[in-house]
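Below is one structure; the comments refer to it alone.
Computed from the coordinates by the stated procedures, all read-outs in this text should not be read as laboratory data. Every value quoted in this text rests on a predicted model; they were computed, and no experiment measured them. When we count neighbours, we look across all protein chains shown, and the Cβ atoms used for this are built from the backbone with ideal geometry, even at glycine.
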Amino acid sequence: MSVVNSVALARVGRGNLCAGCGACAGRFPKMIEMQPAGDGWPRPVAHAPLTAAQDAELSAFCPGLGQSALPSDRPPHPLWGAFQDMRRAWATDADLRHRAASGGALSAVLGHLLTSGRVDAVIQTAAALPPDPAHASRTIVSTSAGDVAAAAGSRYAASSPLTGLADWVADGRRFAFVGKPCDAAALRALALRDHGVARAFPVILSFFCAGVPSRRGNDALVRAMGAEPEQVTAFRYRGHGWPGHAVAQLADGSERALGYHESWGGVLSKHLQHRCKICADGTGTAADLSFGDPWETDAQGYPLFIDAPGQSLVVIRSALGAEILAAAEQAGALESASYDVAGLVMIQPGQRNRRRTLLARLLALRLMARPVPDYRGMTLLAAARQERPTVLLKAFLGMARRAWRDRRSEQTGSKA
Ligand SMILES: Cc1cc2nc3c(=O)[nH]c(=O)nc-3n(C[C@H](O)[C@H](O)[C@H](O)COP(=O)(O)OP(=O)(O)OC[C@H]3O[C@@H](n4cnc5c(N)ncnc54)[C@H](O)[C@@H]3O)c2cc1C
């Protein structure tokens, strides 16, 4: 990363804090561009010096450097942030519901925003096209509910959906944006600072995110399916059932498949970028609506990853979000039912554990003099209080050991 001219980007580089959202390149397109770095994650490369004012602005919106909780009339939940309500929902279009990641409610809302004329287009993420590898993602601008439905599904790979920001702000159209919580946080921070961004993006949607796996993780997944990455012509991570299977289509016309528990839990979740491991916002607190999985549970309350008719969990974060969800339901795009928030802590163990142990891991990084994101109002202490001290100590020691190892290898590398 050529970051010498920017204090903000230098800090991001030193701490390996980049989330890959592309907001810096989208805000300063002539100066910064995103390029794939180690293991395929997109990282900023600065081509021209930023002014002190630009650098300060970058520090204020870069989610790698920090995130502030948005003001809300609701008290923030220690694990899930501030919200008005949570509901289960599913697309009424049976085909969309079947193909989507969960219940297709996110695509149904986006489709409704377009057909009702509330926005002119949607910025979203879809599978890359050849010659890019089949697991890769691309940012697309959808203008019809059909486009949106075609892009339904989760891409467990790097995406930088904000790199086109300057063009979209200049474009004059009103966009709905959907992205990872870090993408949504960057866009919200920009919209709060800049009227032009707020006008161009009246609606921000997000989803629960456990982290972005690397290219190596994706290659390992394909090999776990009994194929080689070069053989794969198309790839989906889940969907076609809830949660469905990861499915690779091969050049010889055959398919390989692996269940969700094996593909995400067994492979991809072991290959996440550093920033995702110290993320305070896995549930899209900056969005108007955020979507996740309201998994069915066993008798002990643990999530069951067995195919069932898809459902999306919808977290209503703002009054606008509540209004949009109600309008989409009234228009017949989706159906919804109540959701008992108390159950979420059991069925989202990854989100729960990351939030509860985050403060301990940030402390370890600080003690090792590693830069960490500046989180404000994100209730990390309240989340840590829910955890057993032995678990916190283990998280602290694990992160300290990793940071120590990283520092040693940096020192060895710089002497070589
Ligand atoms: C990397 C990742 C991690 C996730 N981790 C969790 C988790 O821990 N817990 C949980 O409950 N849910 C998680 N999800 C969300 C879940 O997979 C579903 O996306 C969510 O439940 C919404 O389902 P849906 O059927 O309503 O969405 P759909 O109707 O299928 O729509 C999905 C939308 O997300 C967009 N999208 C897909 N992948 C990306 C991406 N990589 N970057 C930006 N936009 C994208 C698509 O363009 C589409 O508009 C994760 C998703 C991703 C991509």
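Brief remarks follow.
- Computed across the stretch 301-416, the Kirkwood hydrodynamic radius from all distinct Cα-Cα pairs reaches 17.9 Å.
- Directionally averaged projected area (the chain, Cα convex hull): 20.3 nm².
- Principal semi-axes in Å for the stretch 215-270 [√(5λ), Cα gyration tensor, largest first]: 17, 14, 8
- With only the Cα atoms considered, the stretch 81-223 has a convex hull volume of 136 Å³ per residue.
- Simple label model, 7 Å out from Cα along Cβ direction - GLU228 to ALA299, nm: 4.9
- Qualifying aspartates and glutamates (Cα of each under 13 Å from Cα of LYS270; at least 8 residues distant if same chain): ASP219, GLU262
- Long-range Cα-Cα pairs in the stretch 257-358 (distance over 24 Å), rounded percent: 33
- Projected-area mean, the stretch 1-143, by convex hull of Cα positions, square nanometres: 12.2
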